[in-house]
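**Q** My structure is below; once you've seen it, I'll send some questions.
Bear in mind these aren't lab numbers, they're just calculated from the coordinates by the rules spelled out. Predicted model only: the values in this text are computed from it and were never measured. When we count neighbours, we look across all protein chains shown, and the Cβ atoms used for this are built from the backbone with ideal geometry, even at glycine.
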Amino acid sequence: MPVSPLMLRFVKDELSRAPALAERVVTATLAQLQQPSKSSTAATVADRNAQQEAIDALRRGSKSFGQAFVDSLQALVMADVQGFENPAASGNTTVAGGLQLMDETRVEADIEVSRAAQLIDSASEWELRELQTFTSTLIGQSHVSAESNPLRPSAYAQALWDACCAIGPAPAQRSVLLRTAAVVMAGQLKMCWAAACTRLESQGVTPSTYRTVVLATGGPSAAPAPAAVTQKFFEQALQQLSGLLQSRSTSASQATASPAMPASAAPGTPGAQRFALLQETLVPDGVDPHIVALLSRIFEAVLSDEQLSADLCGVMAHLQTSVLRVCLVDGTLLDSHQHPVWLLMNRIAQASQVWPQPGDPRSTRLLRLCESVASDIALATQPSSSVFTKGLVRLETHLSEELQQQQALAEHTVAALTATERREVLQEDLSQQLAEQARPVRMTLRLREFLTQVWARVVTESILRYGGSDERTASALKTVDDLLWSLQIPDHPQSRQRLLALLPDLLKRVRAGMAQVALPELQQQAVLDDLMAVHTESLRPGERASTREATPQEFFQRLRNEGPSSSAAEAAKGFADSLIEVCSMDTVPAELMSDVAPPEAGSDRPIDAMTPGSSCRWFLSGRWRTVQLLWRSDSLRYFVFASETAGRTHSITRQALVRLVTEGLVKPVSATQLIQRAVHRVMRDLAASN
């Protein structure tokens, strides 16, 4: 967004009013939460508890809430004004080792923010539209654009979420606070934005005007969405267009049988000049003149396509003469939508949508390549489909090289996620094996979870660090056998003597393993307590040893009081130096998460169809973003996308991506192809004018 002194002064004035706005929102939100509602009787106990906890949190932390809201709003708005992307809006969460990973928790939070932004937007729609007319003037635009206003609903929604996070540690509390505060904020912003418009008008700022949109005759029903591109649709559409052109030519009694000029090619316009040139210089005798009219109309629709940049419109215009020359010698051009001419034009338009940001070096390189391809095609002495095929090959080669460059920039992220996935897969396999091995052994639930989950992590880390044949890995696996045996020893003196001899080293190995995976101290103590109870009971039957140096309880207490061995400390230190310390990740990987409910039927299919190089749009942090898939892991647990901002990537878990798809927040870059849209537009215009 262009920065102007008028805009900066306006933004700073509005931000200076943010503390008072936050105070009003806190007061009204508390009142709203304390007010009994009709649905409160049907609410669950958990819902009522979450609401009461939200009330208590807001009472205690009202000042923190207000300050966090003001700080976040200022950062978001000023980043927008200055043309920077705020880190909170990148859709990523920074975790250990510099890795950025967007998991399901992050996506759930962003969905909450998006819903709050939509609520604010819909409740204050008219005031927001009026404010945009003034902000467009402040940045020097003659017509209104939503991008001119940095005081977006998404900024206020994100600031509210940050404020809720500042005082509410539990997700349920944050959700209750955000949903209630968003309703209050919407009402407050209606008045704030209306007052801002009044102030700007009193300062002599003249509002911009909205562009006039002319709809085709007959209203929306006259322009249905274009059908999917198929061979049958393409042939029928072109046949229908040819019939319409001929009927128009006949009904107009054009004695010269000249082709009908496109409606957009009025006399004196560039379209009319191109049409006349093509008709006079390129159409030999005996050629159906309606071919020229048909192609001219298609190209006029292409050049007016809203999804095509002005620079690429120049490339398409450069191709028009060559396309007509090919059509005159190659009748299959109008028979198949898979003709190289249409494939090249569609691919250029599709590739340009992947990098929509102005000044992106990737789009600049694409434009240069397309201009070179168009020039080579125009210089060909005998244009043919093979020339366009060569151009398409050059384009695909260029896009492949661009993809490889972006993948090279993401090597560190890919390596980190690959290591994490390997760890997860290995741990899951080990966990299943240990669960099967421990199935016949009776033990407490805590000990079973320790063996199948925690110790599976211990063995996994040992394999990854030292290898499967290392003696330290063998020791970790032997600990499983010794531990299971110690929990089911037969009741005779030799076994008790063996247990007494085994326990010191066994418990030392158990403590070292727990330290290696940084198991919290309280959990370590709970496991040792359970083991002591089981082993004490195992040592109780039969005669005691004659020496009777200590009771079983005293023996175990002495073992527990002994500090961990130096090898255990070294193992813990080694784990801390590993590439990714999974336990310390802010976004916890799958092995540390409980099983989640399966997604809705069919929600995984779009994800499975994604391949490196494919693009999509997802809605995060208040707006749609275009991303390109760079890498997906072998088990499809992790995905890395290139951002629409050059040099940035988004790493996301499969669960988070499924959640976005389920919510309808992942869409294709474009629902239709360029030529499909052009043919549909020509059909619509001809039908409307008949």
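**Q** Peptides 358-364, 343-349, 75-81: what's the order by average Cβ count within 10 Å, highest mean first?
**A** Final packing ranking: 343-349, 75-81, 358-364.
**Q** Using R₀ = 25 Å, calculate the FRET efficiency as 1/(1 + (r/R₀)^6) where r is the Cβ-Cβ separation of Q437 and A526; round to 0.05.
**A** Computed FRET efficiency for Q437 and A526 comes out at 0.65.
**Q** I'd like the FRET efficiency for S304 and R129, computed as 1/(1 + (r/R0)^6) with the beta carbon distance as r and R0 of 25 Å, rounded to 0.05.
**A** The value I calculate is 0.45.
**Q** Between E663 and S202, take the C-beta separation as r, use R0 = 56 Å, and let me know the FRET efficiency to the nearest 0.05.
**A** Values: r = 43 Å, r/R0 = 0.77.
Efficiency, from the Cβ-Cβ distance: 0.85.
**Q** Once phi is turned into ³J(HN,Hα) by the Karplus curve 6.51 cos²θ - 1.76 cosθ + 1.60 with θ = phi - 60°, what whole-Hz value does each residue of the stretch 406-416 show in order, with x for glycine and proline?
**A** Running phi through 6.51 cos²θ - 1.76 cosθ + 1.60 with θ = phi - 60° gives 5, 5, 5, 5, 9, 4, 4, 5, 4, 4, 5 Hz.
**Q** Relative to the present Cα-Cα distance, how much length would full extension add between E371 and V45 at 0.36 nm per residue of separation?
**A** Working: separation 326, 0.36 × 326 = 117.36 nm, distance 6.52 nm.
Gain on stretching E371 to V45: 110.8 nm.
**Q** Can I ask one more? Could you work out how much longer the chain between L409 and Q488 gets when fully extended? Use 0.36 nm per residue separation minus the Cα distance between them, nm to one decimal. Please report the intermediate quantities before stating the final value.
**A** Working: separation 79, 0.36 × 79 = 28.44 nm, distance 5.42 nm.
Fully extending the segment from L409 to Q488 adds 23.0 nm.
**Q** Okay, next question. To the nearest Å, what is the center-to-center distance of the stretch 159-201 and the stretch 401-476, using C-alpha atoms only?
**A** For the stretch 159-201 versus the stretch 401-476, the Cα centre distance is 43 Å.
**Q** Please label the shape of the stretch 452-531 as rounded, prolate or oblate, based on the square roots a ≥ b ≥ c of the eigenvalues of the alpha-carbon gyration tensor (a/c under 1.5 means rounded; beyond that, a/b larger than b/c means prolate, else oblate). Let's see the in-between values first.
**A** Values: a/c = 2.44, a/b = 1.44, b/c = 1.70.
It comes out oblate by the Cα gyration axes.
**Q** Also: Using 0.36 nm per residue, how much length does the chain from R446 to R17 gain when fully extended, once their Cα-Cα distance is taken away?
**A** Extra length available between R446 and R17 comes to 149.0 nm.
**Q** What is the spin-label model distance, in nm, from T209 to S384 if the labels are put 7 Å beyond Cα along the C-beta direction?
**A** 5.5 nm
**Q** Kindly provide the Kirkwood hydrodynamic radius of the stretch 415-491 in Å, to one decimal, from all pairs of distinct alpha carbon atoms.
**A** Value: 13.1 Å, from the Cα pair sum.
**Q** Take each of the peptides 396-409, 654-667, average the number of other beta-carbon atoms within 10 Å over its residues, and list them starting from the highest.
**A** 654-667, 396-409
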